[in-house]
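The values are calculated or read from the model by the stated rules, or taken from the named source; none is laboratory data. Computed from a predicted model, the values in this text were never measured in an experiment. Cβ atoms come from the backbone with ideal geometry, glycine included; neighbour counts cover every protein chain shown. With ligands, DNA and RNA removed, areas are computed over all heavy atoms of the protein, side chains included. Shrake-Rupley method; radii C 1.70, N 1.55, O 1.52, S 1.80 Å.
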Amino acid sequence: MEISQDSQVLKSLESLGQFVGATPLFEVQHLSPKPSVKIFAKMEWMQFGGSVKTRPAYNIIKGALKSGELGNGKTLLDASSGNTALAYATIGARLGIPVTICLPENASWERKKLLKGLGVNIVYTSKFGSSDESEAKAEEMYRNDPDKYFLANQYGNENNWMSHYQGTGPEIYGALGDQITHFVTGLGTTGSFTGITKYLKEQKPDIKAIGLQPDGALHGLEGWKDMETAKVPGIYDKAVVDEIKHVDTYDAYDLIKETARREGLLLSPSSAANLKGAIDVANEIDSGVVVTLFPDNAEKYSEIIKSLF
Ligand SMILES: Cc1ncc(COP(=O)(O)O)c(C=O)c1O
């Protein structure tokens, strides 16, 4: 029997599965404010494509190949300013799936170069319109040519949060079990917060889920959305949020330096902001186990690193 081109692509995708998930948990030792509270961070950058978006991109592509929405030469189309684009790009390059990304023109030069190097077709949107304008552009391109594109729609695609519900959540609970008292992470598409929180609360309903937000619409925490001013993602499930805390960009940047020196990790701004949120929670409780994520490391943020060290 002849094997179709699309089932070969699916096989190739499955062979990448070994590089997706199963990330280690890092125990923050020196920056934890008190011995009675432990802080753990899931090192999500240790995957193919290098970030927290590997799992959603993989799951979105897998779902679309299985349903037939992708394959047969169709182009994957989405809006992203960073990590999701890189995750689609790396998986797409390996599988021979064309990728088109709508990107604000003020994205860092490293992003643009990396995406181009991976063969992505970039459609620039205005630097004033943020990711909302890129999202609208991707929708318009899809409406104009639905046969050419699969619109991946990371902000509304259930396979985004499901990847964390089926992967990251069980891995965290499998490692730490009922000791976990708090889960804290920043809100972007909200896929990681929603998926992990839903899974953890099903195992232990009294775990407190704290969503982190920037302290204003103009912030330097790449990957985070300010829900007060931005378009709220379709997959955001407010019902699972126990509390919202705000993190100041400059506090997060200061913590990048401190974490490098005291924990030996070079964190990205949003990873440092997650750690700041976890430390703030740890300061408010007498004892417990606080879990957060490190979405990516400092490698793609050379301008920030130059200004810090
Ligand atoms: C660096 C970084 N941090 C945090 C997030 C937020 O994750 P989520 O989209 O799961 O809310 C993202 C998402 O793109 C990201 O790239």
Solvent-accessible heavy-atom area per residue, rounded to whole Å², over the chain at 1.4 Å: 43
Between the range 198-241 and the range 158-195, the alpha-carbon center distance in angstrom: 12
Whether the range 45-95 is rounded, prolate or oblate, judged on the alpha carbon gyration tensor where a/c under 1.5 counts as rounded: prolate
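Using 0.36 nm per residue, how much length does the chain from residue 307 to residue 105 gain when fully extended, once their Cα-Cα distance is taken away? Don't skip to the answer; put the middle values down first.
Working: separation 202, 0.36 × 202 = 72.72 nm, distance 2.18 nm.
Between residue 307 and residue 105, full extension yields an extra 70.5 nm.
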Accessible area of the chain belonging to carbon and sulfur atoms, whole % at 1.4 Å probe: 50
Charge sum, other residues only, whose C-beta stays under 13 Å from residue 45's C-beta, Lys/Arg counted +1 and Asp/Glu -1: +1
Top of 133, 299, 228 by mean-square fluctuation, Gaussian network on the chain, Cα under 10 Å: 228
Fraction of antiparallel bridges per DSSP, the chain only, in percent to nearest 5: 15
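Specify whether the C-alpha gyration tensor of the range 183-261 places it in the rounded, prolate or oblate class, a ≥ b ≥ c being the square roots of the eigenvalues: rounded for a/c under 1.5, otherwise prolate if a/b is larger than b/c and oblate if not.
On the way: a/c = 2.39, a/b = 1.38, b/c = 1.74.
Taking the square roots of the gyration eigenvalues as a ≥ b ≥ c, the range 183-261 is oblate.
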Cα-based shape type of the range 222-289, given that a ≥ b ≥ c are square roots of the gyration tensor eigenvalues and the cut on a/c is 1.5: oblate
Residues whose placed amide H lies under 5 Å from that of residue 102, excluding near-sequence neighbours: 78, 79, 80, 123
Nearest-10 value in Å² for the accessible area of residue 26, using the 1.4 Å probe: 50
Solvent exposure, largest accessible area first (probe 1.4 Å, DNA, RNA and ligands not counted), of 202, 135: 202, 135
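Ordering 173, 149 from largest to smallest accessible area (1.4 angstrom probe), what's the sequence? All intermediate terms of the calculation are to be shown ahead of the outcome.
On the way: 173 50, 149 20 Å².
Descending accessible area places them as 173, 149.
With n ≥ 4 as the cut-off for DSSP H runs, can you work out [θ] at 222 nm for the chain, using -39500 (n - 2.57) per run divided by the number of residues, rounded to the nearest 500?
For the chain, the value works out to -12500 deg cm²/dmol.
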